[in-house]
Structures are given as C-alpha cells and as structure tokens.
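Reviewing the structure listed below.
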Ligand SMILES: Cc1ncc(C[n+]2csc(CCOP(=O)(O)OP(=O)(O)O)c2C)c(N)n1
C-alpha cells in the first residue's frame, strides 16, 4: 500500500484494526476524537460513541469478557470519569485484548486542565505505551493488544496533542484477526470482584506487574541510543523527538513502555553516561519514578507546565537562542468565539440581562463566559452545572441574583442527567437550561443520545428530553426556540421566580449545521443611535466603527440569523445586498 | 536539509486544508514530512497555526521562534503575532486583510494600525488572497491562493501541486481551486520580482 500521511489518532485506529479489534467505543474529546471516528470508517468493525467515558470503558470490558479485542478512546479528563472501572479492571484483567487510547493535552489547547495520564498507569497499575509519532502509534497499538492478552491486563496507549494531531508518513499493514479464544467459562475468581476474590486478584496483579517489569528490560518498545555519553537523557512520547532535534549528540533512553519501568534498564543506561537527565512535559512523573528507584538525576530548568519544544529544551540546557526578529506583543488577543448565528448566544444575552449567577458546563457554550456576554460564573467538569446550581441554592442562594444551570445536550447525556436526578430527589428548586443544539459541537459535530445520531449511522432514536424530565418528577419543562429572543428571555425570567425545579430546553440546531444561510443584514447608519446593544451580543459579524462609534455589519461574516435585528430598538438593522463585497479593508 | 513552514490565521480560514496540501506535495516528492496542528476550542474563530516540516530526516513536529523558513499568514494580526517565529532571512507571505477579534469589535481594545507598514519593513510580500479567490471563481479558495503563492520558490513540481489539489478538494471546485493556485503563484512571482 505504500506510505500515507496519517495523524497519530488515525494511526492508533489503524493499529487497532490491524490487531483485529472488532469493537471501538469512546466519548469525543480533543485531542482524542479522530481516533474512534477513523476506526469507525474501517471495514469489518463496529464502533459507537458511548454517553460518557465510564460507560465506554464498561462496554469495552463487556467486549473483552466475551472474548473480543476492543479499542477505547478518550481524552485525559475522560479517564477521570472512566477511572472507576479502570482501577478494578486492572484486577480482573481481560479475555479479549483491551486497549485504551488516552490523549493528554499539555498546554491546555482545548481542555479545562492539564494532567499527565502516566499517573493513572501507576495508580491503576496497568502498562502504558508512549508512542512518539504516527508510525509508533500504529505499531504500539498493534502490539498493545498482544500485551493485554499476554499479561492479562488492560493497556493504556498515551498520546499528547503533538502525537494525536501531528501527521507523518506511515505504512499501513493488513488485518490479522487472532484465533478464537477457548470457549467461555464462568470464572468468578477472575471477574467477580467482591472482597474474597479481589484479594486474590490484587496479589495476582502484583505478579503481573512484576512480569511486565521484567518484560520492560527486554522489549524493543524501549530503546537506548548511545551517542556522546557525557549526557544521557531519559524521555518518552513526542518529547523524544524534541530531544533528538534539540540535543542531536546526546545519548537517549527512549521509554516506549513508560510504566512499569525496570530499574535494571535504567541502571544499564545510567552506568554508561556521565550525566543522567529526565526530560518530560508537565508533571515530573518519570523523574519521580527514577528518583524513587534511587537514581541520582541532574536537573535542568525545564518549564513545569505546558508543552516542551526543541527550543525550550535547548534553552534549559543553556544553549543560546537563534538570531530573532523582535516579537510584537501589541496585538489584541483573539479568543475563540461563538459563530455567527449560534443559538447559544441569545440565552447568554438573556442571562446577562437577568444578572443571573450561571453555573456553566463544558462545550461551545462555555464561550458565554467571555466578554461581552460574560454570563457564566463557573465551569469545572462535564456535568457539574446542575449539581453546582443545587449546591449554591443549599447555601442560601446568591443574594438577589437568580441561579441558572446551563448545560449542552451532549454534556447533559454525559453526566448532567445524574445531577438532575439527584437534585430532583432532594427537592431542589434550580432552573436548568439545556442548550440542545442537536449535536456535540465543540469536539467537531458528533452524534449523542439526545439527537440519536450514531457513529456508524445505524438507526437509533432521540432521547425525549421532555418525557425524561417529567419521568424524573419535574413538572415545569418547556421547549423554547432561542432564536426568538423575547421568548428566551421571558422563559428564563419566569422560571427563575418559581420555587420548584424547572427545565428549559433551548432547541435549535448549531449554526454550522444550518446550510441555508439567510441574506446578510447591514446597519442603517442614519438610524443607528450608537446604543451598543447589538455589539453586546458578541457576534463576530458586528463591530463598532472606531470613528463614528456606530455599529457595522460585515456582510461576508453575517449569516442572516436575525438575532441582532431583535435587539435593535431603532430598526437600524436592515437587509442588505448579497455577500462577497471585497472592497477595502 | 530541513524546511519549516508555518501557516497561521483565524480558525475557519482553511489553514488546516492548506497545510494538508503542502504536506501531501512534499510527501509525493519523496520527502519525509511532519505536520502539527491544534484542533478544538481555538477552531471557533480563535488564533490558529499549523506547522509543516519537510526534509530528508526530521524529528520534532513543532517549531520555535527564529526557526520558520516560510510563514504564510492568512490575516495581518496573526502575521504580527508570530513575526518572531520567522528566521531573519525567512520569507513572509501575508494576506493583507484584518479580521477584527472580538475585543476590538466590541470596542474593548483599539484596532491595531500600521501593520502593513511594519510587515513590509520586515520584508513581507502581500498577496490579496480574498480578492484573487473571488477572481478565481470561489471566495472560499483563499487558502489555495496562498498555497500558490507559497509554491513559488519551493522546489516542488507544478504538476504535483495540481494533482494533490485535484485529489483533495470537492470535485466541483477543482477548476476554481486550480485557478486560485495559479493566481496566487503568479502574484508571488510578481511580488518577489518587484522587491
Ligand atoms: C470528561 C470529558 N470528556 C470529554 C470532554 C471534551 N468535551 C468538551 S465539550 C464536549 C461536548 C460538548 O457538547 P455539548 O454539551 O452538546 O455542547 P456544544 O459544544 O454542542 O455546545 C466534550 C465532549 C471533556 N471536556 N471532559
């Protein structure tokens, strides 16, 4: 087939397919999402988005119990959600190989925190493979399935943004489905983790980890490269590539199996180099591991958070930077923003007018926290909005300001519904806004239980949110079109005054799903009074003229949604001609 | 020999597709290639960049200040924001258009002025990609115009570019995109000759 350009995520999917994985399951999350999306397109596999990562890993555990090889994919914070099954699946082990791709986001390009999933490998005591590029992502994932079955344990494949979203040339291979497993026999000593059995499996896990530690000594997943031996660098993942570029002469111990690590492997390398240094991103996991083993490390002043680059490594090792042009720091920042026509915008516009305290959640709508909408008070983790609103009410509320929980459709199905059940059960009185834009937008438009679109386009059905809320015992449930600004505001105003739980479902498709754009609008300069209400919508099509302070609309950006027409009290926003006027800047 | 190209702009401007074209061309010409991009939050109208590196042997997919040989900026402020990434003797191709970020649109921050003059002093060549894209028959092909401009001065055969573009864009838009590429290439040739 020759070499093709694949991302790390696509390569993980390809490796799993080659290893004969029959099922893929996960929940979207940058930078992991394309892994399962790509797997789903490969022949002879079944793939699905689960409602959350815990569910995904449990589905995978079932596939494994039934003897199938299964790939699970999620982002780093997803592993927090899936950690409950993970830590006990380490005890049970597997039947069919079970491999979890976990994609970390050092530097937080698209995440609420920065965690190093190596810690989970050590915590759960499951092996972790650390590919540095697409070719390794493919080969390591393929190998991970064999290791999972050989050592009877789930295997974590860790990537980072610069593995997942880097593309390089790989040579895909063919699929080799392993032989059928011996017939299934009920085996409670292995699979029913109640105390008596768990105690045995706990000891057995120690044995398996010991075997893996011995394996770490001999496997070609780990590689010592000897060049100039005055400096020896220990590293893993993409950091290896940065180190090779930054310090081309250094000797390197590259850990492809970053947990568990054999002390003998390190000793052998340490003995041959004068100076032993660990180079790693964000957390210090490998460094702590080596220190705990008793190695003395030389430390260099690497950044303690964020991503490394070849340049930052060179700097830490005391090299001069190359000649530079002067940096310009005067540019205004360019934060991401809600698209023109976004149905989330009017909800936040109304919440701002209500001076609501908004417990928010994670999705495109989190952008409602930024100016000028500036109508979100918290965003912690997926599903937290509803439970936090309940908690804030338990503390006696927020003075005279109403409290509203705001959550997206995918996030509601992920873990929001759990909070809602709990609030209703405890006679909570919160107002909950579910922003049902018919898609999981932030991560690139995946289906979810609320819209009933499945990963491989199999028929399914939508959750009936109204019936669901009613079944939970919520009387006050209604659906509102957020593009009707008055209706959106009225609904919120009314529901926050009610001393009982209420849910408003703001239902309108994501602006990027709307193919028929309306004609763009323009500002009638005569009629504009510079009141600024349209500007406060935070639409990227509307700006304030620096000279006149009047509003203007960029017709090339406007999608004709008409939200601004509704906020203008002076009838100054009117239909204009067709787009593509490319006059001056 | 290692060549580093940085494409930068505003999420949604098509930097990712453009980078993909370049990477595929380099691969088709038998080189090693790496591309690194960022998805997710920033794609919603935020500041984005993609790095493509190619050569005989290469390691890291990312780059550092002072290491970029060719920068292609889809927008003025994004060019300014990354000017220090470009080698002092590197090449800068800039679409001379400003897309005001939200803090400017809302009047929270002043719009920057004089960017074109500063960039010109730094040796930038301006390619009015939006205008040329409209001329080529598809306003959405500005990214391909810029790839045409970049191609002038890179050691890749025109035929390879055309093949890669034809295989990568929607069939109905092949002609407009090939036109866009040609217009960009010609504009860069003119611009560089004028210097
Ligand atoms: C535990 C966890 N899993 C995944 C993610 C990645 N993620 C961020 S937002 C989001 C989905 C948001 O979808 P939705 O709630 O429908 O809101 P929208 O973006 O459509 O507005 C996901 C999956 C995360 N932040 N945390």
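Taking region A:305-332 as the range and being within 25 Å of the chain's Cα centre (by Cα), loosely packed, with under 13 Cβ neighbours inside 10 Å and at the interface with chain B (Cβ under 9 Å from one of its Cβ atoms) as the test, no residue passes. Apart from one condition, residue A:512 fits all of (1) within 16 Å of the ligand (Cβ to nearest atom); (2) more than 10 Å from every other protein chain (Cβ to nearest Cβ); the exception is (2).
Quick check: is even one residue across region A:544-557 surrounded by fewer than 21 Cβ atoms within 10 Å (Cβ to Cβ), more than 13 Å from every other protein chain (Cβ to nearest Cβ) and outside any loop (DSSP other than H, G, I, E, B)? No, that holds for no residue. Only residues that are more than 13 Å from the ligand (Cβ to nearest atom) and surrounded by 23 or more Cβ atoms within 10 Å (Cβ to Cβ) were counted across region A:342-369, and they come to 7. For the residues A:405, A:491, the requirement of being in contact with a helix residue (DSSP H, G or I) (Cβ under 9 Å, 6 or more places away or on another chain), within 13 Å of the ligand (Cβ to nearest atom) and over 18 Å from residue A:338 (Cα atoms) singles out A:405. If you go through region A:269-276 one residue at a time, do you hit one that is in contact (Cβ under 8 Å) with a residue 60 or more places away in the chain and in contact with a helix residue (DSSP H, G or I) (Cβ under 6 Å, 6 or more places away or on another chain)? No: zero hits. Looking at A:66, A:61, A:121, just one residue is under 21 Å from the mean Cα position of the chain (by Cα) and either in contact (Cβ under 8 Å) with a residue 24 or more places away in the chain or not assigned by TED's automatic domain parsing to the domain that holds residue A:443 (or both), and that residue is A:121. The set of residues in region A:515-544 that are within 16 Å of the ligand (Cβ to nearest atom) and without any contact (Cβ under 8 Å) to a residue 12 or more places away in the chain is empty. Screening residue B:18 against (1) over 17 Å from residue A:166 (Cβ atoms); (2) more than 9 Å from chain A (Cβ to nearest Cβ); (3) touching a residue at least 60 places away in the same chain (Cβ under 8 Å) leaves a single unmet condition, (1). Residues of region A:427-445 that are surrounded by fewer than 22 Cβ atoms within 10 Å (Cβ to Cβ) and within 9 Å of the ligand (Cβ to nearest atom): A:438, A:445.
Residues that are part of a loop (DSSP other than H, G, I, E, B), in contact (Cβ under 8 Å) with a residue 60 or more places away in the chain and more than 16 Å from the ligand (Cβ to nearest atom) within region A:44-58 comprise just one, A:44. Among the residues examined, residue B:35 qualifies as facing chain A (nearest Cβ under 9 Å) and crowded, with 24+ Cβ neighbours inside 10 Å.
Check every one of the helices (runs of 4 or more DSSP H) wholly within region B:43-153 and list those with 1 or more residues that are under 11 Å from the mean Cα position of the chain (by Cα), surrounded by 22 or more Cβ atoms within 10 Å (Cβ to Cβ) and more than 9 Å from chain A (Cβ to nearest Cβ).
On the way: elements: B:76-81, B:102-105, B:115-121, B:129-136, B:142-151.
Of the helices (runs of 4 or more DSSP H) lying wholly inside region B:43-153, those with at least 1 residues that are under 11 Å from the mean Cα position of the chain (by Cα), surrounded by 22 or more Cβ atoms within 10 Å (Cβ to Cβ) and more than 9 Å from chain A (Cβ to nearest Cβ) span B:76-81, B:129-136, B:142-151.
The criterion of at least 3 residues that are at positive phi is met by none of the helices (runs of 4 or more DSSP H) wholly inside region A:259-337. Test residue B:11 against the criterion of being in contact with a strand residue (DSSP E or B) (Cβ under 6 Å, 6 or more places away or on another chain), facing chain A (nearest Cβ under 7 Å) and surrounded by fewer than 23 Cβ atoms within 10 Å (Cβ to Cβ), and give yes or no. Against the criterion (in contact with a strand residue (DSSP E or B) (Cβ under 6 Å, 6 or more places away or on another chain), facing chain A (nearest Cβ under 7 Å) and surrounded by fewer than 23 Cβ atoms within 10 Å (Cβ to Cβ)), residue B:11 qualifies.
The values are calculated or read from the model by the stated rules, or taken from the named source; none is laboratory data. Computed from a predicted model, the values in this text were never measured in an experiment. Neighbour counts run over all protein chains shown; Cβ positions are idealised from the backbone, glycine included.
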